[in-house]
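Accompanying notes for the structure given below.
The values are calculated or read from the model by the stated rules, or taken from the named source; none is laboratory data. As the structure is a computational prediction, the values presented were derived from the model and not from experiment. Cβ: placed from backbone, ideal geometry, glycine included. Neighbour counts: every protein chain shown. SASA here: full protein model, heavy atoms, side chains in, ligands and nucleic acids out. Shrake-Rupley method; radii C 1.70, N 1.55, O 1.52, S 1.80 Å.
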Amino acid sequence: MKSNIFSGIVVAIISLPLSMALAIAINVPPENGIYTAIIAGIMTALFGSSKVNISGPTAAFVVILIPIVQEFGLQGLLICGILAGIIQVFMGIFRLGTLIELVPYPITVGFTSGIAVVIASFQLKDFLGLKIENFSGSFIEKVTMIYNSIGSFKIEEFLVGISTIAIVIYWQRLNTKIPATLVSLLLITTFVYLSNYSEFTDISTIKSTFSFNIQGIAGEGIPPVPLQFINPWNNFDFSLDLFYKLIPHAIAIAILGALESLLCAVISDGMIKKRTNPNKELIGQGLTNLVIPFFAGIPATAAIARTVVNIKSGATNQISSIVNSIFIFIAVLLIAPLLSFLPMASLSGLLLIVAWNMSEFKHFINIIKIAPKHDVYILLTCFILTILIDMQIAIAVGMILASLLFIKRTIDLYTIKLITENHDDYCDLPSDVCIYDINGPMFFGAAQNALKTILTTENKYKTIIINMENVHLLDMTAMVALKSILDTFKENNTTLIISGLENRMKNKLYKIGFHEEKNILEFHMTIKDSLSHINYTKKNT
């Protein structure tokens, strides 16, 4: 019990500033990230399957949430979150959790690395203290704005950001139980407060950047109101046309959230030697994203880095996640004014660390060096599309490419071999009989190839045996191709013998019109049975 309480507090100390930084990264007020962390920690603990996962705002979502906020505002994002939650619940109900786990590794690394590049690039504005009035648009447009604004670079902002990073890296190497994030932010925030107070510097903080007006309470920085129930549809012109525009974004949030949650579950399961039910986990994440928007929270998913810290701090069950939420709730209630003094450059520094950690740089380079070229193409396609165009398109194109590659590789497993008289294994094979030995699954591409191959030799032989002992899959295209072969053989008085076909596939052929008929179509269990039957027939005619 004590270890779970301790780990929950440790994670909360890390989650609080990160949640604010991630909210700021998508152009919404920092408190929206805080609300997300509070609700997500409790909801996923109660309804999810994982015992140790910590959910909240994550860096993976930044790329797909920014365009939503830019086009539809915060309320549009909240409605998107509700729709994504509904989709995730249905994904869990229909047991799609196991399918999500089958997403190819190059796709995951490709879009994760792409997200890291986007996050790191967008943090340069606050990290360098650049003055950009309307920091919105595509990746290229934002990078252009950063380049054009480099003249407004403030050395003091940069020093704050780089010092934050340096302290975090140094403190982590000491292997103490005190979180590096806490130490770094305490030292830097204190220094910035004193420096700004003495008017020696004018470093941007949350207080100088954000203001609020909630429940009649107005002020700057973070509101001392940890939670507020809202109606996401209030004063929002929601229509069927808008629904159609939001659905693609909601699907992208649902899929990416599912991928991140289940990937986190796989990692945490390996660390604690437990097994997470992927479908229940999806339902838990879906219910979480359904509820969060009613408290002004943004979409959430399981956070790998925070989950790892949770486990290493001694967490064994869901209590740590609940403690994490309670601690954040109390912290906002008691020290919101102090949190408002956090420097913007420090929060950008933290996100730069997050971006580097999620970039999977070594894995990215390793795939390029040793993976088959098709996997490299998929990796680079997802990576480039995520950065330059859109996360939704990157995932969709990546999945299409991976599916095509899977089909190609499966077809490559298929072989068809012609066996005629004087073959070493079939010395008694008559001259007017041939065997086609088929290995591997038979579906569209492979089936058409088999059809062409068999029909080219059909006129040379009186009986053709198709050995299908090693065929374990027949799709509709393959069955139609076999029917076409049979119809052609009927016209030319050629006998077709199918050997070794499994009963379940034989029954499928019966359903589409295959019927055994002497000298036209016959089924036998083995090649030996087929040859014995042919030789017996020849002797008795």
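Annotation note: Cβ proximity below 9 Å between a residue of the range 227-242 that is more than 15 Å from G81 (Cβ to Cβ) and a residue that is open to solvent by 50 Å² or more (accessible area, probe 1.4 Å) and assigned to a loop (DSSP other than H, G, I, E, B) (sequence gap 6+ or interchain) occurs for Q228/Q215.
Select from the range 223-262 the residues that are under 25 Å from L333 (Cβ atoms), β-branched (V, I, T) and open to solvent by less than 40 Å² (accessible area, probe 1.4 Å) and list them in ascending order. The answer is V225, and nothing else.
Restrict the check to the range 85-92 and report whether at least one residue is crowded, with 24+ Cβ neighbours inside 10 Å and either under 16 Å from P299 (Cα atoms) or in contact with a Pro (Cβ under 7 Å, 6 or more places away or on another chain) (or both). Looking through the range 85-92, at least one residue is crowded, with 24+ Cβ neighbours inside 10 Å and either under 16 Å from P299 (Cα atoms) or in contact with a Pro (Cβ under 7 Å, 6 or more places away or on another chain) (or both). Within the range 179-191, at least one residue is closer than 12 Å to P343 by Cα and touching a strand residue (DSSP E or B) at 6+ places or on another chain (Cβ under 8 Å). Taking residues in the range 396-422 that are assigned to a helix (DSSP H, G or I), and partners anywhere that are modelled with pLDDT under 80 and among the aliphatic types (A, V, I, L, M), the pairs with Cβ atoms closer than 6 Å and at least 6 places apart or on different chains are I411/A446. Could you look through the range 196-207, keep only residues that are touching a residue at least 24 places away in the same chain (Cβ under 8 Å) and part of a helix (DSSP H, G or I), and pick out the one that is farthest from I38 (Cα to Cα)? Selected residue: K207. Evaluation of E220 against the conditions (1) under 25 Å from I38 (Cα atoms); (2) touching a residue at least 60 places away in the same chain (Cβ under 8 Å); (3) surrounded by 16 or more Cβ atoms within 10 Å (Cβ to Cβ) shows that the sole unmet condition is (3).
Quick grid of which residues meet (1) among the aromatic types (F, W, Y); (2) under 22 Å from S184 (Cα atoms); (3) crowded, with 24+ Cβ neighbours inside 10 Å:
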| position | (1), (2), (3) |
| --- | --- |
| M1 | no, no, no |
| G8 | no, yes, yes |
| A21 | no, yes, yes |
| Y35 | yes, no, yes |
| A45 | no, no, yes |
| V52 | no, no, yes |
| P57 | no, yes, yes |
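Taking the criterion of being touching a Pro at 6+ places or on another chain (Cβ under 9 Å), polar (S, T, N, Q) and at pLDDT below 85, the residues of the range 203-257 that qualify are N213, Q215.
Those residues that are within 40 Å of the chain's Cα centre (by Cα), closer than 30 Å to F295 by Cβ and not hydroxyl-bearing (S, T, Y), I need them from the range 193-216; list them, please. Scanning the range 193-216 gives I206, K207, F210, F212, N213, I214, Q215. Reported count of residues in the range 139-161, each being open to solvent by less than 90 Å² (accessible area, probe 1.4 Å), without any contact (Cβ under 8 Å) to a residue 12 or more places away in the chain and among the hydroxyl-bearing types (S, T, Y), is 1.
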